[in-house]
1. Taking 0.36 nm per intervening residue step and subtracting the Cα-Cα distance, what contour gain separates residue 13 from residue 60 on full extension?
2. On a 0 to 90° scale, report how tilted helix 58-75 is relative to the longest principal axis of the chain, with both axes built from alpha carbons and the result rounded to the nearest 10.
3. Place the peptides 90-101, 10-21, 57-68, 111-122 in order of packing, highest mean first, counting for every residue the other Cβ atoms within 10 Å and averaging per peptide.
4. For residue 138 and residue 101, FRET efficiency with R0 = 35 Å and r from the beta-carbon atoms, rounded to 0.05?
5. Specify the angular offset, from 0 to 90 degrees and rounded to the nearest 10, of the alpha carbon long axis of helix 96-107 from the longest principal axis of the alpha carbons in the chain.
6. Per residue of the chain, what 222 nm ellipticity follows from adding -39500 (n - 2.57) for every DSSP H run with n ≥ 4, rounded to the nearest 500?
7. Quick one: length gained pulling residue 94 to residue 111 fully straight, 0.36 nm per residue minus the C-alpha distance?
8. Here are some values of Cα extents along the principal axes in Å: [x] 51, 31, 20; [y] 42, 35, 26; [z] 61, 28, 22. Which one was computed from this structure?
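Taken together, the values in this text are just the output of simple stated rules run on the coordinates, not laboratory data. Keep in mind that this is a model prediction, so the values were computed, not measured. Don't worry about glycine lacking a Cβ; one is built from the backbone with ideal geometry, like all the others, and counts go over all protein chains shown.
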Amino acid sequence: MPTSIHIEVKERFGRQCASSGSAWEPKLGYSRAVRSGPFIAVTGSVGVNPDGTYSPSLAEQTRRSLTIVQAAIEALGGKMEQVIRTRMFVTDVSKWQEVAQVHGEIFGEIRPATTIVQVGALIDAAAQIEIEADVVVA
């Protein structure tokens, strides 16, 4: 899965903070991902395209979300193989198999702990999925 997403990393309060340039990050006061020691926490990432649009396909939104997650992890010195947990929030859990197919392609051999739950809405009405990840860098 190629990661052509620009991530900026800055040192803040003794930890590394990664920014993807999302307009939401400064408004809400958060980082795309934070690394403290060997731990990386990736915030919920929706599958928004670079031009601000969303694919109508849940599978494609899942793939894009995981591309953003991967870029943040790699910018902080981690690898997808070091992901220990993913959390997936979807607006329609009846479509879970679309999410599972993409998640399984990427994490099939890695097998992190994972959760998928349905939520009433996400921050953008066009978003169908938001994914978080926890990483331990060995």
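1. Numbers: separation 47, 0.36 × 47 = 16.92 nm, distance 3.57 nm.
Computed gain between residue 13 and residue 60 is 13.3 nm.
2. In the chain, helix 58-75 runs at an angle near 10 degrees to the longest axis.
3. Numbers: 90-101: 15.6, 10-21: 13.8, 57-68: 21.5, 111-122: 11.8.
Ranking, from highest mean packing down: 57-68, 90-101, 10-21, 111-122.
4. Numbers: r = 29 Å, r/R0 = 0.81.
That gives a FRET efficiency of 0.75.
5. 40 degrees
6. On the way: 3 runs with 35 residues, N = 138.
Only helices count here, giving -8000 deg cm²/dmol.
7. Numbers: separation 17, 0.36 × 17 = 6.12 nm, distance 2.21 nm.
Gain on stretching residue 94 to residue 111: 3.9 nm.
8. Recomputing Cα extents along the principal axes in Å here gives the entry labelled [y].
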